[in-house]
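Trainee: Here it is: the structure, laid out below.
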Amino acid sequence: MNGSPDRDQRDPCLDESLKEPTDSIIVDIASRVITPFILLIGLYVFFHGHYSPGGGFQGGVLLAAGILLLRLSLGVAVSQAIMPTRMTLRLAAGGVLVFLGTGLAAVFLGGNFLDYHYLPLPGLSPEYLRYYGILLIEVGVTATVMLTLVAIYDELLGC
Amino acid sequence: MIGAEAPVFIPLAFLVSAMLALLLGVISRPLAYVTAIVGSAAALFFSVRGLQAVLADGPISYHLAGWMPPLGIELYLDPLAGFFCVLLSGITLLVMVYGRHSVQHETPRKEVPFYSLAMFLVGGLSGMVMTGDLFNLYVFLEIGALSGYGLVAIGDKRAPVSAFRYLTLGTLGAAFFLLGVAFIFISTGTLNMADIARVLLVSQPTTPIMLGMALIVVGVGLKMALFPMHAWLPDAYTHASSTATALIAPIGTKVAAYILLRVLFFMADPEYVRHDIHLTDVVGYLGAVGIIWASVMAITQKEMKRMLAYSSVAQVGYIALGIGLASPLGFIGAVLHVINHAFMKACLFLVSGSFRLRLGHSSIPKLDHGVGRVLPWTSAAFSIAAISMIGLPPTAGFFSKWYLALGSIEQSNWVFVAVLLISSLMNAVYFFRILERMYLKPRSASDDGKEAEMPQQAAPANNEAPGSMLVPTLVLAAGVLVLGIMNAWGISHIIEPMIPEGL
């Protein structure tokens, strides 16, 4: 995050061209078309995690792949709109806090850590409490996985 | 109420503050420091309450998400685990308080990731201490290890290289451990440690179990820096920032030693480990060789942090020697040495950090008696910790060596007795040479001409380290003395309830 000015001089591999948009119009158009579908599949995998194969980690990786494709093709500056670099690690930390907060809410309401049965969601039968409880922690996992991967890419690029 | 929930609150206090440090650090960097202190203080509070509850009412078993073990993950707090949690959060609190000026000075602009990773590391270690599930242990081991690599990498210019070396060997250790867990799992069909202990008691020991135990010992030995698997340690400790070293050195390798105690004496049948596969003998003799080897290496070092790092390898050897004795006296010696060494080594590394802040270096040949005048209290703390490392009464170091020696004599293991005696003399060699320079060597006699560069040249003024650094150092030094004087009470009230039945 704190890209030091001497980093680019030290390592010739990290020249500015990696941050620039691509010259190829094919890559540009293709990535614009493909990315929404990648993000959609990512969301699909994430929303299926609590009752079928899928889940936060896989969904988060797919969502990150969508964002990184835009970072690679449109350049760092343009793709800031979809995920600003300075927000990545903060939101990732927020994701972990969502997970821990869900667990702690159960503790404070009389259950054990992560015991979804005790979550304060009104009007739900116990099965659905567990159902939505897992969904809730999957939100945290997805956000953290996605944003950490984007943060690693941005950090290596030095922006 | 809080006592019963303590097992889950201790790691959570660390993990939540790791995340909050990252978020609040965006607003202002000092907030990350405050968060780390509040988190460690909360964890210390829960640990103390947990230990009180355990000593009063017996072990606490906490079932995560309400699933019953052996299927669910169990957090298990018994006297041994509770004691380790108190030690761990207490040292963390002191080191975090110390960090304010030192981290700013040694790794400027990296405070936020530093405190976040430090909290993550301790969160992982506290989870390792309490978990009752072998695979969960691996998960916490990796949480602690990965943040440890990051913490080592935030250091001087050569830190990333040593962090990478640490990462390579640490990952290898984790892989061995996981392989061992897999062997145990296919033989017993369960991952819960208490359940494995029950299965192992009634079943005939098989080759996979033997192999699994051996692999776990190798993997944990790598994490613990047991000789000859200590190669990552000196570099990592030397190049990491002083605060990071003061955090990793006292508790990181000790938690690995704790895992050895847990696996060899609680999970497996001590009789089986000792007489059938001689695993404790291997650990003990490796520890004994490590003590001598690392003491020789420590004598040859010129840089104080590097010398202390080699001394850490030697001290881990003492703990391994106590485990190797596999007797109640050896157990007491090992556990007592864990706490003593945590206090002594944290104190010594904090002193080396204060030297780096005030003198600009921590190189032994450049020290002279000006140090004793410029930093009188810091030097006094160093002297107490050094005397304790050598093992002179009434400091804490004497008593753990005393119990180790008693245990060795009880088993007529004269090799261990000789190692203990020789190594104490070697400790005296490498610590007295610093004490001599600090108090006796006149400034003019310094022949390397380096003192011209030093800021205070003619009459060294009292330039003591700032309060936030001095107070934790002195508390640890006082702790060394208190631990030494109170050791009889501590052993009969805290350590004796820990000794497993089969030992």
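The values are calculated or read from the model by the stated rules, or taken from the named source; none is laboratory data. It should be emphasised that the depicted structure is a prediction, and the values quoted were computed from it without experimental measurement. With ideal geometry, Cβ positions are generated from the backbone for all residues, glycine too; neighbour counts draw on all protein chains shown. When the accessible area is computed, the model is the full protein with side chains, heavy atoms only, and any ligands, DNA or RNA have been set aside. Shrake-Rupley method; radii C 1.70, N 1.55, O 1.52, S 1.80 Å.
Trainee: Which of the residues in region B:12-37 lose at least 40 Å² of accessible area when you go from the chain alone to all protein chains together (probe 1.4 Å)?
Mentor: For region B:12-37, once contacts with the other chains are taken into account, B:12, B:16, B:19, B:22, B:23, B:26 lose 40 Å² or more.
Trainee: Just to be sure I understand: if you take the accessible area of chain B alone plus chain A alone and subtract the pair, with a 1.4 Å probe, what total do you get in Å², rounded to 100?
Mentor: Values: alone 18360 and 9160 Å², together 26060 Å².
Its buried surface, counting both partners, is about 1500 Å².
Trainee: Here's something else I'd like to know. Ranked by accessible surface with a 1.4 Å probe, highest first, in what order do A:26, B:390 come?
Mentor: On the way: A:26 130, B:390 10 Å².
The ranking, largest first, comes out as A:26, B:390.
Trainee: Shifting gears a bit: Determine the distance separating the Cα centre of region B:253-271 from the Cα centre of region B:34-95; give it in Å without decimals.
Mentor: Centre-to-centre (Cα) distance: 18 Å.
Trainee: When the accessible area of the protein assembly as shown is computed with all protein chains present and a 1.4 Å probe, what percentage of it is carbon and sulfur? Each step should come with its number before you reach the end.
Mentor: Values: 18310 of 26060 Å².
Result for the protein assembly as shown: 70 percent of the exposed heavy-atom area is carbon or sulfur.
Trainee: Please work out the Cα center distance from region B:285-348 to region B:108-171, rounded to the nearest Å.
Mentor: With region B:285-348 and region B:108-171 each reduced to a Cα centre, they are spaced 21 Å.
Trainee: Here's a follow-up. Heavy atoms of the protein only, probe of 1.4 Å, neighbouring chains included. What is the accessible area of residue B:76 in Å², nearest 10?
Mentor: 80 Å²
Trainee: Under 5 Å between amide hydrogens, which residues at least 5 positions from residue B:303 or on another chain qualify, with H placed 1.01 Å from N in the peptide plane?
Mentor: B:364
Trainee: Only counting protein heavy atoms at a 1.4 Å probe, give the residues of region A:76-124, ordered by number, whose accessible area falls by 40 Å² or more when the other protein chains are present relative to the chain alone.
Mentor: A:90, A:93, A:97, A:100, A:104, A:107, A:112, A:113
Trainee: If you don't mind, there's one more thing I want to ask. Measure out, as a whole number of angstrom, how far apart the alpha-carbon centroids of region A:44-110 and region B:389-433 sit.
Mentor: Taking the Cα centre of each part, region A:44-110 and region B:389-433 sit 54 Å apart.
Trainee: Between rounded, prolate and oblate, where does the protein assembly as shown land on the alpha carbon gyration tensor, with a ≥ b ≥ c its root eigenvalues, rounded for a/c under 1.5, else prolate if a/b exceeds b/c? Each step should come with its number before you reach the end.
Mentor: Numbers: a/c = 1.87, a/b = 1.21, b/c = 1.55.
Note, shape of the protein assembly as shown comes out oblate.
Trainee: Let me know the shape class of region B:25-68, please: from the alpha-carbon gyration tensor, a ≥ b ≥ c as square roots of the eigenvalues, rounded when a/c is under 1.5, otherwise prolate if a/b is greater than b/c, or oblate. Write out the running numbers ahead of the final one.
Mentor: On the way: a/c = 8.29, a/b = 2.02, b/c = 4.11.
It is oblate, given that a/c is not under 1.5 and a/b is not larger than b/c.
Trainee: With every protein chain present, what accessible area does residue B:27 have (1.4 Å probe, heavy atoms only), rounded to the nearest 10 Å²?
Mentor: Only protein atoms counted, so the area is about 130 Å².
Trainee: Let me ask another. Which sequence of B:332, B:409 reflects their accessible areas, 1.4 Å probe, from the largest down? Walk me through the numbers before you get to the answer.
Mentor: Numbers: B:332 10, B:409 80 Å².
Descending accessible area places them as B:409, B:332.
Trainee: Trypsin sites (Lys or Arg not before Pro) within region B:267-332: which are DSSP loop residues with at most 13 other Cβ atoms inside 10 Å? Numbers along the way, then the final one.
Mentor: Values: sites: B:274, B:302, B:305, B:306; in loops: B:302.
For trypsin sites (Lys or Arg not before Pro) across region B:267-332 that sit outside H, G, I, E and B with at most 13 neighbouring Cβ atoms in 10 Å, the list reads B:302.
Trainee: If you don't mind, another one. Sorting check: for B:81-91, B:379-389, B:2-12, which peptide has the highest mean count of neighbouring beta carbons within 10 Å, and how do the rest follow?
Mentor: Numbers: B:81-91: 26.5, B:379-389: 24.5, B:2-12: 22.8.
Put in order of decreasing packing, that is B:81-91, B:379-389, B:2-12.
Trainee: Can you order the peptides B:252-261, A:42-51, B:364-373 by their average number of other Cβ atoms within 10 Å per residue, highest first? Let's see the in-between values first.
Mentor: Values: B:252-261: 25.0, A:42-51: 17.8, B:364-373: 19.8.
The peptides rank, most packed first, as B:252-261, B:364-373, A:42-51.
Trainee: Next up: Sorted by accessible area with a 1.4 angstrom probe, largest first, how do B:199, A:33 fall? Present the calculation step by step, with values, prior to reporting the outcome.
Mentor: Numbers: B:199 45, A:33 80 Å².
Largest accessible area first, the list is A:33, B:199.
Trainee: Just the number please: accessible area per residue for the protein assembly as shown, 1.4 Å probe, all protein chains included, in Å².
Mentor: Per-residue value: 39 Å².
Trainee: How tilted is helix A:25-48 with respect to the longest principal axis of chain A? Cα atoms for both, answer in degrees (0 to 90, nearest 10).
Mentor: 10 degrees
Trainee: Sticking with this structure for a sec: Quick check on chain B: helices-only [θ] at 222 nm, where DSSP H runs of length 4 and up contribute -39,500 (n - 2.57) each and the sum goes over total residues. Nearest 500, please.
Mentor: On the way: 19 runs with 368 residues, N = 503.
When only DSSP H runs of four or more count, the value is -25000 deg cm²/dmol.
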